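The structure under discussion appears below in the form of C-alpha cells.
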Amino acid sequence: MLCWMNGEYVEHDALKISPFDHGFLYGLGFFETFRTYKGKPLFLKEHLTRLQQALSAFRISFPYTAEQLEEVIQKLNEVDDFRDGYFRLNVSAGEHEIGLAPTRYENPNVILFRKSLPPHVIGVHKTAKILATRRNVPENGETRFKGHHYGNNVFARFELPSLAAQEGIFLTADHYVAEGITSNVFWVKNDTVYTPSLNTGILAGVTRSLVLALGHQLGYSVKEGKYDVKELLGAEECFITNAVQQVVPIRSLDNVTFLGNDGPVTKEILQAYEQLIQRRLNT
C-alpha cells in the first residue's frame, strides 16, 4: 500500500515514526477519515476545517494546502487503477524530548493513508445496540476532536462482534443519547428529525452537518438537544451518518424495531444526499 508522509510517497512497510513523537508519547495527534467520489474528495475542505480547529487548539502547525492534498489523493487513487479510496489524514505533534516542555509543535508528522473502499450500497441498513460503555468527556471539556485519544471508542467496540453490520450507540454519563462508535445518530418521529446537540460532547461530524442542512432544505423540523434514550427508542425511524458509509438506516436498536430503509424521511434524506454528491461532482 502506497502512502504519503511529510511530502514524500512511501510504501506502508517503510513508514517510520520516532518513539519520541508526542503523538506516540502523549496521544497528541488528530486525524480525518474521508472517501473519494469518482476520484474527487468532495468534502475535503470541510474535513480540513475541522482538523485545523483541533490543530490550532493544541498548537500544532499544518504546512499543507487543500490543493496539495488533492494532488496526493489523485496520485494514490491512480496507483490503484483510479478506483475510489478510503483515506485517513493523520497529523501527530512531532518529535520532542520526553516531557511537556513544548508550547508549540512546528514540525508535525503528516501521513495520508489510503485503502480500498469496503463494499457498500448506500441505504442498506444495519442494527444497533445501546452500549454499556459511557461516552467520555472531551479533553477540553467542551469540543470533541477526532484525536489519538481513541480508547473510549475501542473499549466500546469490544462490546460488538463486528462493526460491519452493527453500530453501538453511546450514552453520556447522564444517560443522554450521544453518538455511535464511528458515527452520529439521528431519529425521526412525527416528521421531526432529532439528533443530539454538540454540547453532549459528541463529534461535529461533517456528514452530520450536511444532513442537518438537507433536513432543513427538505422542510422538516430538525431539532438538536439532550435526549433521554427513551426518546430514541420511541422513534419511527433511525439512521447514522459518517463520511465513509454516508447515511445508513438502522433497522433495530436492541429489542426495538424501526422502519430501516423503508422509512420515508430516511429515504428522502438519502436521496437528497445522493443529489448533493452529484451536484458537487458537476461543479
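Side notes on the structure shown:
- Cα shape, the stretch 34-185, gyration tensor, a/c 1.5 rule: oblate
- Length-normalised contact order of the stretch 2-116 in % [C-alpha pairs under 8 Å, at least 6 apart]: 38
- Annotation: amide H of Glu179 within the under-5 Å range of Phe170, sequence separation 5 or more or interchain, hydrogens built in the peptide plane.
- Rounded if a/c under 1.5, otherwise prolate or oblate - the stretch 93-177, Cα gyration tensor axes: oblate
- The relative contact order of the chain, computed from alpha carbon pairs under 8 Å that lie at least 6 residues apart in sequence, is 18 percent.
- In this Cβ point-charge picture (+1 for Lys and Arg, -1 for Asp and Glu), the stretch 126-281 has a dipole of about 300 debye about its Cα centre.
- For the chain, with +1 on Lys and Arg beta carbons and -1 on Asp and Glu, the positive-most of Asn6, Asn152, Ile169 along the dipole: Ile169
- Taking only the C-alpha atoms of the stretch 126-281, Rg followed by Dmax gives 14.6, 42 Å.
- GNM result for the chain, Cα springs below 10 Å: residue of Glu32, Glu106, Glu236 fluctuating most strongly: Glu106
- Close amide H contacts of Val10 (hydrogens built in the peptide plane, cut-off under 5 Å, sequence separation of 5 or more or a different chain): Cys3, Trp4, Met5.
- Working note: Karplus 6.51/-1.76/1.60 with θ = phi - 60° gives the stretch 177-184 the couplings 5, 10, 7, x, 4, 10, 7, 9 Hz, where Gly and Pro are set to x.
- In a simple Cβ point-charge model (Lys, Arg +1; Asp, Glu -1; nothing else charged), the chain has a dipole of about 320 debye relative to its Cα centre.
- Entries in Lys129/Lys230; Lys75/Lys115; Lys126/Lys267; Lys40/Lys115; Lys146/Lys230; Lys38/Lys115 that, when Cα-Cα distance is taken, lie over 19 Å: Lys146/Lys230
- Whole-Å distance, taken between Cα centres, linking the stretch 1-75 and the stretch 200-273: 29
- The helix-only estimate of mean residue ellipticity at 222 nm for the chain, built from DSSP H runs of length n ≥ 4 each weighted as -39500 (n - 2.57), is -8000 deg cm²/dmol after division by the residue total.
- Once backbone amide H atoms are built at 1.01 Å from N, Ala243 has Thr207 as its partners under 5 Å, excluding neighbours fewer than 5 places away on the same chain.
- The Cα atoms of the chain define a convex hull whose projected area, averaged across directions, is 15.0 nm².
- Three-way shape call for the stretch 32-81 based on the alpha-carbon gyration tensor, with the a/c threshold at 1.5: prolate
- Computed about the Cα centre, the dipole magnitude for the stretch 2-116 is approximately 420 debye when only Lys and Arg (+1) and Asp and Glu (-1) carry charge, each at its Cβ.
- Each Cα pair under 8 Å and six or more residues apart adds its sequence gap; the mean of these over the residue count of the stretch 126-281 is a relative contact order of 23 percent.
- Looking at the stretch 111-224, the DSSP beta bridges with both ends there are about 35 percent antiparallel.
- Size estimate for the stretch 2-116 follows the Kirkwood approach: the inverse of mean 1/r over distinct Cα pairs works out to 14.6 Å.
- Where both bridge residues fall in the chain, DSSP classifies roughly 75% of the beta bridges as antiparallel.
Rule-based calculations on the coordinates, nothing more; no lab input. The structure displayed is predicted, hence computed values, not measured ones. All Cβ positions, even for glycine, are placed from backbone atoms using ideal geometry, and neighbour counts span all protein chains on display.
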